[in-house]
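The values are calculated or read from the model by the stated rules, or taken from the named source; none is laboratory data. In this text, all values refer to a predicted model and were calculated from it rather than measured experimentally. Neighbour counts are summed over all protein chains in view; Cβ atoms, including those assigned to glycine, are modelled from backbone coordinates with ideal geometry.
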Amino acid sequence: MSNISLPRPGWLITSAITAFITLSLHLFGQGAPAIRAGEINITGVPDDWTHHHVFFANPGTEQDAIQGGHYPQWQKIVNEPRYVIQELKKNLPVQGPAGIDVEYRRHWISDAGGASAGVGSEESGPTGFGDNARRGWPIGHKKWSSGPTSETKRDWSMTSGGTGGLLTNHYPAKYGSESPTVQSCSDYVVFPTGIVGSSTQASVMIYDDLYKTTCGSTVPGILLSINTGGLANTSPVLSLNGDQVAYVQTTSGGSLTGGAFTTGSTAFSVASGLVASDVGSIIIASHSGIPAGTTIATVTSGTKGTLSASATRTRTGDTMTITGMAQLVLLKIGIGYDAGVGAPDSPAATTAANYRSCTGPCYTTFNFYDKTVGTVVPDTNSAPFYVYYGGSNGNTDTLYVGDDLGYLHEFNGVFAGTPSEETTGWPVAASTEAKPILNSPVYDGVSNDIFVGDASGFLHQIPAGASLTAPGTPVASGQLEYDSAGMDSVLVDDSSGTDYVYQFVGYSDDTADYRPSYINRFPATTTFTTGTPDYGTSIYYPNGTKGVRPASATTIQRAGTFDNAYFTGNGTTGNIYGCADGVLYQIPLATITTPTVNTFSTPTTAPAECSGVTEFYNTTSSIDWLFMSVESSGKATGGSTCTGACVYNYNVSTSTNTTGSPVDGLTEAGGTSGIVIDNAATGGGSEIYFNSVSAETCLGNGTTGNGVGICAVQATQSGLQ
């Protein structure tokens, strides 16, 4: 029998939902009801880097999919939590089984404390809680607000503690607890600091009480300042219920004096300096006596530990070198530790077996598994990609991340089970090129493939496989990128009936067109052919060596984005945008097979590195915003008076416009990281979040967070200044 949904009278559904909500509000004083997508509950609205690399055009109705012959693909899309979250953010109808839950939740929030709530009331909405109790978890009991629009400005900036080593293309991660039109003072944003954690330096900062108009006088609040013993400089990812964060850190390594060990024993000691995150790191003695490839098995104190292999001679007073290595960190936020960046909580890591039952703040770490015994596995460029729901593929609650040696790693049971790294069939040698350093992988749930680039300029496609232990054989594209820094991660465009991957390239080898910047577009379901260079559909910019601003070997192009007309259409409407050397380009999707590239805006006086491009349709103001930054050479243009290093916003509500100018601009030293969004709420909402790239003066919150360094910044969407 066909599974086609029969149309129902809209007034009848609405009346039934409203009546049920009215009854429910009297029975339950809890947070907003969950949305079931696939087999996963969505209880909040996360916005991390992965949501800026996987996009969904309108998949249409179930009947459309059956008649169009792409019902299996439609099913995968509508059961994908990222699709549902995307539609929640844009306040668009959700197709498929989750649609009823979404409408129920929207009505519930409206009746319980959304638009009808008292301005600034902590009691508006069910079971609100104030400052003294705001750190109770799990997320669900919130204070809501929808007050008057705040003054447009940079609302706050908090120091990371110094200059650090954050990657330019990293993103912070924002968690919204309820709705894109309702803000909560328990919404939070996660910022890595890019500085090695210690007792006087946080690895990661998590801020709540984000909104000045409604969250009190100390804005932002500090939900958690934590030292996990390493340097976190790539993008974090969030669990769906907001109680956990995953990120990669690199242990600090270094030399320890006073080393002592005994022949035949695994015990060793040093004068001082051992930390819990040293477990798994390779340790080398300045003289012989420690077998090659030996790692630290346990750390029992700052001076004592055990080795993975027994010493072969007895030594005292030795210098012992610990090599830094990549670790996956899983962090339960829990009841926050709200000191500043210079006074973090420094709990010891718990074991993976005990992590699920530990009380936050607590964390566990996993040293990346090395395929070659004795090899330190570094990761300087790859952020984790978390799979909420893998459907029949079986990789629900799975995380993928690359390393500098060209291997792709798989972790399972990440946020809901007993976490572990899979070592059967994994890690996969994705790249064997001369520069195998991998970027952040992107998983496409429709094709069940993982796409990851390397520093040599190749894009690799790895089938995730039919089971967790049986990945497919990696295949590669032709060499796409020839610049000196490698490529940013791909965009995946999942549209019902189509499925494409977009790779943004700064400097190509297209000598016929004078080596311009490119977008290479591939059907995601088409496997690259080994030995046959595949370049997909090549969309080249008008910036060859004969162009107005020619690309060069230093040209870097971060990932672009689509405008709202794409999301509301079937994948062939609207535009895709990218920025290279300070020029914002636009490509209409209707003619992308024979592409037209429009020079949409040139807000710079000379070539300048761009950030990635972020889009957000603000449903309250009905404005479709683009956000991007340049590291230098910005000029006063349009509504912006910013010069030098600037972040800009563009109103692209009219998708047929082929040129545009910034609405406003804001000075940010060195430009910005990737940009994430909070919501479309009034009363202090409608904000963006990013790190500055270079050190600047951070204003703090009146109590802490001021000083010169990399700043964690909140600014308004509409009035950057």
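Those residues that are without any contact (Cβ under 8 Å) to a residue 60 or more places away in the chain, under 26 Å from Phe385 (Cβ atoms) and either aliphatic (A, V, I, L, M) or outside any helix (DSSP H, G or I) (or both), I need them from the stretch 73-110; list them, please. Within the stretch 73-110, Val78, Val84, Ile85, Val94, Gln95, Gly96 qualify.
Here Tyr355 does not fit the description of being among the hydroxyl-bearing types (Ser, Thr, Tyr), outside the structural domain of Gly258 (by TED's automatic domain parsing) and under 30 Å from Gly705 (Cα atoms). So for the stretch 483-496 (the condition being hydroxyl-bearing (Ser, Thr, Tyr), assigned by TED's automatic domain parsing to the domain that holds Val442, surrounded by fewer than 21 Cβ atoms within 10 Å (Cβ to Cβ) and under 20 Å from Pro550 (Cα atoms)), does at least one residue qualify? Within the stretch 483-496, one or more residues are hydroxyl-bearing (Ser, Thr, Tyr), assigned by TED's automatic domain parsing to the domain that holds Val442, surrounded by fewer than 21 Cβ atoms within 10 Å (Cβ to Cβ) and under 20 Å from Pro550 (Cα atoms). So, Thr168, is that one polar (S, T, N, Q), more than 21 Å from Ile710 (Cβ to Cβ) and surrounded by fewer than 24 Cβ atoms within 10 Å (Cβ to Cβ) or not? Considered against the rule, which asks whether it is polar (S, T, N, Q), more than 21 Å from Ile710 (Cβ to Cβ) and surrounded by fewer than 24 Cβ atoms within 10 Å (Cβ to Cβ), Thr168 comes out as no.
Restricting Val414, Val341 to those that are over 17 Å from the mean Cα position of the chain (by Cα) and not hydroxyl-bearing (Ser, Thr, Tyr) reduces the list to Val341. Only one of the numbered conditions (1) in contact with an Asp or Glu (Cβ under 8 Å, 6 or more places away or on another chain); (2) in the same structural domain as Ser186 (by TED's automatic domain parsing); (3) surrounded by fewer than 22 Cβ atoms within 10 Å (Cβ to Cβ) is violated by Ala260, and that is (2). Would you mind stating whether Ala580 is within 25 Å of the chain's Cα centre (by Cα), within 20 Å of Asp488 (Cα to Cα) and buried (at least 18 other Cβ atoms within 10 Å of the Cβ)? Spelling it out, Ala580 is indeed within 25 Å of the chain's Cα centre (by Cα), within 20 Å of Asp488 (Cα to Cα) and buried (at least 18 other Cβ atoms within 10 Å of the Cβ). What about Ala276, is it among the small types (Gly, Ala, Ser), surrounded by fewer than 14 Cβ atoms within 10 Å (Cβ to Cβ) and within 21 Å of Asp370 (Cα to Cα)? No. Across the stretch 533-569, the number of residues qualifying as assigned to a strand (DSSP E or B) and either over 27 Å from the mean Cα position of the chain (by Cα) or among the polar types (S, T, N, Q) (or both) comes to 4. If you check Ala466, Ala470 for being among the hydrophobic types (A, V, I, L, M, F, W, C) and in contact with a Gly (Cβ under 6 Å, 6 or more places away or on another chain), only one passes: Ala470.
Contact map, the stretch 625-654: residues that are farther than 22 Å from Gln557 by Cβ and among the basic types (Lys, Arg) paired with residues that are modelled with pLDDT under 95 and buried (at least 24 other Cβ atoms within 10 Å of the Cβ), Cβ distance under 6 Å, separation 6+ or inter-chain. No pairs are found. Filtered by the rule that a residue be part of a loop (DSSP other than H, G, I, E, B), surrounded by 24 or more Cβ atoms within 10 Å (Cβ to Cβ) and not β-branched (Val, Ile, Thr), the stretch 583-625 gives Pro603, Glu609, Ser611, Gly612.
So that you can scan it fast, the table gives a plain yes or no per residue for (1) hydrophobic (A, V, I, L, M, F, W, C); (2) closer than 23 Å to Asn233 by Cβ:
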residue: Ser288; (1), (2): no, no
residue: Pro291; (1), (2): no, no
residue: Thr300; (1), (2): no, no
residue: Ser310; (1), (2): no, no
residue: Ala348; (1), (2): yes, yes
residue: Ala352; (1), (2): yes, no
residue: Ser357; (1), (2): no, no
residue: Pro361; (1), (2): no, yes
residue: Thr365; (1), (2): no, yes
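Scanning the stretch 595-606 for residues being out of contact with any Ser or Thr (no Cβ under 7 Å at 6 or more places or on another chain) and either within 14 Å of Ala551 (Cα to Cα) or in contact (Cβ under 8 Å) with a residue 60 or more places away in the chain (or both) gives a total of 1. Checked against the criterion of being without any contact (Cβ under 8 Å) to a residue 24 or more places away in the chain, among the polar types (S, T, N, Q) and touching a Phe, Trp or Tyr at 6+ places or on another chain (Cβ under 8 Å), the stretch 339-361 has at least one qualifying residue. From the list Gly644, Gly544, Gly612, the one residue that fits, being out of contact with any strand residue (DSSP E or B) (no Cβ under 6 Å at 6 or more places or on another chain), of a type outside the set (S, T, N, Q), assigned by TED's automatic domain parsing to the domain that holds Glu668 and closer than 22 Å to Ala695 by Cα, is Gly612. Checking each residue in the stretch 187-206 for being more than 21 Å from Gln86 (Cα to Cα) and of a type in the set (Ser, Thr, Tyr) picks out Thr193, Ser198, Ser199, Thr200, Ser203. Out of curiosity, is Thr359 more than 30 Å from Asn701 (Cα to Cα) and surrounded by fewer than 20 Cβ atoms within 10 Å (Cβ to Cβ)? When the stated conditions are applied, Thr359 does not pass them. Note on the stretch 637-712: no enclosed strands (runs of 3 or more DSSP E) hold 3 or more residues that are in contact with a helix residue (DSSP H, G or I) (Cβ under 8 Å, 6 or more places away or on another chain) and of a type in the set (A, V, I, L, M). Scanning the stretch 53-72 for residues that are part of a helix (DSSP H, G or I) and either closer than 25 Å to Pro384 by Cα or in contact with a Pro (Cβ under 8 Å, 6 or more places away or on another chain) (or both) yields a total of 1. Summed over the stretch 279-291, residues that are part of a loop (DSSP other than H, G, I, E, B) and either modelled with pLDDT of 85 or more or under 19 Å from Phe368 (Cβ atoms) (or both) total 4. Scanning the stretch 692-717 for residues being more than 23 Å from the chain's Cα centre (by Cα) and among the polar types (S, T, N, Q) gives a total of 5.
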